[in-house]
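The values are calculated or read from the model by the stated rules, or taken from the named source; none is laboratory data. Just so it is clear, the model here is predicted, and its values are computed rather than measured. Every residue, glycine among them, receives a Cβ derived from its backbone with ideal geometry; neighbour counts consider all protein chains shown. Note: accessible area is taken over every heavy atom of the protein model, side chains too, but ligands, DNA and RNA are not part of it. Shrake-Rupley method; radii C 1.70, N 1.55, O 1.52, S 1.80 Å.
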Amino acid sequence: MSHNVLNVLMVAAEAAPLAKSGGLGDMVSSQSMALRRRGVDASILLPGYECAFERVIAPTPLGYIRDLPGGDARLWRAAMPDSDVPVLLLQMDHLFAGRGSRLYQDEDGRDYIDNFARFASLSAAAARIAIGVRGVKRPRIVHAHDWHAGLTPLLMKLAGASARSVFTIHNLAFQGNYPLGLAPYAGIPSELLAPAPREPRSIEFYDTLSFMKSAIVHADALNAVSERYAREILTPQFGNRMEGVLAAHAHKLTGIVNGIDDALWNPQTDTLIAHPYGPDDLVGKHACKKALQQSYGLHIDPFAPLVAIGSRLSTQKLADVVCEALPAALARWPRVQFAVLGQGDAAIEDSLRKLAAEWPGRLGVHIGYDETRAHRLHAGADILLHASRFEPCGLTQLYAMRYGTIPVASRVGGLADTIADCPPSAVTHPIGHATGFLFDGERASDIFHALGRAFDAFAHPQAWRVLQRNAMQRDSSWDAPAARYHDLYRALVGGQSAPVVRAPRHANAAPPARRTSTAQRHRRTLADVRRSA
Ligand code: ADP
Ligand code: GLC
């Protein structure tokens, strides 16, 4: 790429296939690929997890970044195994190695006690790269994702970086709120922890230091991963107490619906599924359905409506309520089958296992995380049940639609933005552009009734075929969203706006060759901020 190309550094805790716990990992990698296709020089800064080092191609050491909140780091450049996106890995073995592919929590589901140091280090490393690190081209845009990278915009300002910052909210339920006393370890001056009404730059949030609030307050531009979620999070129902902070920064908040990697998720070329198929020839989908029934121990029945559930088993995904709805649905519709792929809350996993034992041949459950099975699930099912209390974007419904699997989903966030609801009766009303079924409410009966609507339509093959064709032909590619991110970057580098926090004196200089401790840097930063106050 030529030297005047826009250089963007993504900063995130996940990037598939190196590290993934959910949609964040898919989004960061496929977004970077799409931006590169547009000529943007996008690369990703990722924690140096063991699983990431195992999967990257040709890792090359670049040098050290000293004295991050969690200590010294070694920076590596590498390539993704499946794309041309360059990756920078932040090697800090005491923080990121030896934990398998468990990115945030131990095997008992408890957050790692050093998560503050782990992700403050990630943000601080991004800020260092923004002011210049040997061997890495200085980015003009630093694009941080979710709370793990949330300190990046503020630390960039404190370091005097000239790059502009973008922050994407993927899930406001996870905020990264820590004791205020940890602030000095991240080089955050105490002035910035003053109560918000007195100090608009404050990152204090209900007596904690909040990574999420820090990003909302200090990023040059903000977006949520769907338009509806961008509006929802301004309300108490979806704002997770952050709605007031967001309202104060709403002028820089937009919504951009995610795209998907449509080469990876393509039933015509997918080698993981039993038989390829496309919108004009669905014969292969029958073979995929049979294979799915076999692998889940379901009765082999080509005419049984087969419902997939594939997600984290959490209360966000209403998985607790789905467990309540399942027995009623299985009893009411004797031919209907369910195939569940997921992992998460132990109690929900247990209930599902119990239900599967009670409904042999009708309900199959696979507890675990398995990418191959996810492809087979989307290919083999007729319907995807995607219930959510809130859904910032949701990718599973996009994958399902591409595979001609019709979503039945909650009318929230990105689900409402991406699924066109079927009319009340698929028989008496024209289907139009409908691609699925949306429902309101969070009760088992709401799920039950929505499933009923889908089964009614399924009983009419012609109507169902129209739904499938609509869903498969929906454009879920990155073309439109990548163009919007590109425009946002161009507006930022073209525009002017002074940093809110005055930069320390060594602004724009390369990192000091001599080692300075975090406490020393903190003192200098504080003195500087005081001078400018
Ligand atoms: P979220 O990020 O909230 O979990 P998304 O729909 O954005 O929801 O993304 C979920 C991603 O994780 C999808 O790629 C989905 O296929 C994948 N996924 C979730 N659970 C599993 C699982 N048990 N096995 C394989 N993939 C899974
Ligand atoms: C989060 C959200 C999900 C979204 C994903 C990628 O995990 O929960 O809705 O699709 O991020 O942006």
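Contact map, segment 274-298: first residue free of Cβ contacts under 8 Å to residues at least 12 places away in the same chain, second residue part of a loop (DSSP other than H, G, I, E, B) and open to solvent by less than 70 Å² (accessible area, probe 1.4 Å), Cβ cut-off under 8 Å, separation 6 or more or different chains; pairs are P276/P267; P276/D270; V283/Y277.
Candidates D270, D345: the one that is within 16 Å of ligand 1 (Cβ to nearest atom), of a type in the set (D, E), open to solvent by 20 Å² or more (accessible area, probe 1.4 Å) and farther than 30 Å from P197 by Cβ is D345. Looking only at residues that are away from ligand 2 (no atom under 16 Å from the Cβ) and in a strand (DSSP E or B) in segment 396-435, which one is most open to solvent (accessible area, probe 1.4 Å)? Here the residue is D421. Scanning segment 364-391 for residues that are closer than 17 Å to G22 by Cα, in a loop (DSSP other than H, G, I, E, B) and in contact with a strand residue (DSSP E or B) (Cβ under 6 Å, 6 or more places away or on another chain) turns up G368, Y369, A387, S388. With respect to L103, is the statement that it is within 16 Å of ligand 2 (Cβ to nearest atom) and in a loop (DSSP other than H, G, I, E, B) true? Answer is yes for this residue. Could you list, in sequence order, the residues of segment 283-316 that are modelled with pLDDT of 95 or more, open to solvent by less than 30 Å² (accessible area, probe 1.4 Å) and part of a loop (DSSP other than H, G, I, E, B)? Within segment 283-316, Y296, D301, A304, P305 meet the criteria.
Applying the condition of being in contact with a helix residue (DSSP H, G or I) (Cβ under 8 Å, 6 or more places away or on another chain) and without any contact (Cβ under 8 Å) to a residue 60 or more places away in the chain to segment 348-362 and asking which residue is farthest from ligand 1 (Cβ to nearest atom) yields E358. Check whether at least one residue in segment 139-158 is over 30 Å from R389 (Cα atoms) and over 26 Å from the mean Cα position of the chain (by Cα), and report yes or no. Within segment 139-158, one or more residues are over 30 Å from R389 (Cα atoms) and over 26 Å from the mean Cα position of the chain (by Cα). Tallying residues that are touching a residue at least 40 places away in the same chain (Cβ under 8 Å) and more than 17 Å from V307 (Cα to Cα) within segment 317-344 yields 0.
If you go through segment 94-112 and keep only what is open to solvent by less than 80 Å² (accessible area, probe 1.4 Å) and of a type outside the set (A, V, I, L, M), you end up with F96, G98, R99, G100, S101, Y104, Q105, D106, G109, Y112.
Only one of the numbered conditions (1) within 16 Å of ligand 2 (Cβ to nearest atom); (2) surrounded by 23 or more Cβ atoms within 10 Å (Cβ to Cβ); (3) of a type outside the set (D, E, K, R); (4) at negative phi is not met by A186, and that is (1). The set of residues in segment 371-390 that are out of contact with any Ser or Thr (no Cβ under 7 Å at 6 or more places or on another chain) and within 9 Å of ligand 1 (Cβ to nearest atom) comprises E371, T372, R373, A374, H375, L377. Per the listing E191, E243, E232, E227, the residue uniquely of a type in the set (D, E) and either closer than 20 Å to A127 by Cβ or touching a Cys at 6+ places or on another chain (Cβ under 6 Å) (or both) is E191.
Looking only at segment 23-36, decide whether some residue is at pLDDT below 95 and either open to solvent by 50 Å² or more (accessible area, probe 1.4 Å) or within 16 Å of ligand 1 (Cβ to nearest atom) (or both). Scanning segment 23-36 turns up no residue that is at pLDDT below 95 and either open to solvent by 50 Å² or more (accessible area, probe 1.4 Å) or within 16 Å of ligand 1 (Cβ to nearest atom) (or both). Among the residues making up segment 189-213, those that are open to solvent by less than 10 Å² (accessible area, probe 1.4 Å) and among the small types (G, A, S) are S202, S210. Restricting attention to segment 407-434 and to residues that are within 16 Å of ligand 1 (Cβ to nearest atom) and β-branched (V, I, T), the residue that is farthest from the chain's Cα centre (by Cα) turns out to be V408.
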